[in-house]
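A short write-up of the structure that comes next.
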Amino acid sequence: VFNRLGPSGWVPTVEITVHLRAIPAPGLVQCRFRTRYVTNGLLEADGELWDARGELVALSRQLARLR
């Protein structure tokens with residue numbers, strides 16, 4: 001979404017689910033968020049969070065409205 005709207009783009013959340021899988025190791029957490037479809041003013045954003053050891057610690061999915 002930021003590629004399309006820039007950092008000022010705001011997408012209000014309709015629904016969000018987060019699945020915690022582990023306690024992260026000390027250090028930085030790497031995140032990746034992707035949106036594959038924008039349809040009828042709605043988008044889904046899938047997220048992955050990885051700890052400093054490379055372990056997957058959380059997954060998320062957000063349904064949001066494109067303004």
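The values are calculated or read from the model by the stated rules, or taken from the named source; none is laboratory data. Owing to the predicted nature of the structure, the values given are computational and were not obtained by experimental measurement. Reconstructed Cβ throughout: ideal geometry from the backbone, glycine too, with neighbour counts over all protein chains shown. These accessible areas exclude ligands, DNA and RNA; they are computed on the full protein's heavy atoms, side chains included. Shrake-Rupley method; radii C 1.70, N 1.55, O 1.52, S 1.80 Å.
The residues of region 30-67 that are touching an Asp or Glu at 6+ places or on another chain (Cβ under 6 Å) and open to solvent by 50 Å² or more (accessible area, probe 1.4 Å), listed by number, are Arg32, Arg34, Arg61, Leu63. In summary, Pro24 fulfils each of the numbered conditions (1) under 15 Å from the mean Cα position of the chain (by Cα); (2) open to solvent by 50 Å² or more (accessible area, probe 1.4 Å) with the single exception of condition (1). Scanning region 38-67 for residues that are assigned to a loop (DSSP other than H, G, I, E, B), under 20 Å from Val14 (Cα atoms) and touching a strand residue (DSSP E or B) at 6+ places or on another chain (Cβ under 8 Å) yields Gly41, Leu66. When region 1-37 is filtered for residues that are among the aliphatic types (A, V, I, L, M) and either in a loop (DSSP other than H, G, I, E, B) or modelled with pLDDT of 90 or more (or both), the ones remaining, listed by number, are Val1, Val11, Val14, Ile16, Val18, Leu20, Ala22, Ile23, Ala25, Leu28, Val29.
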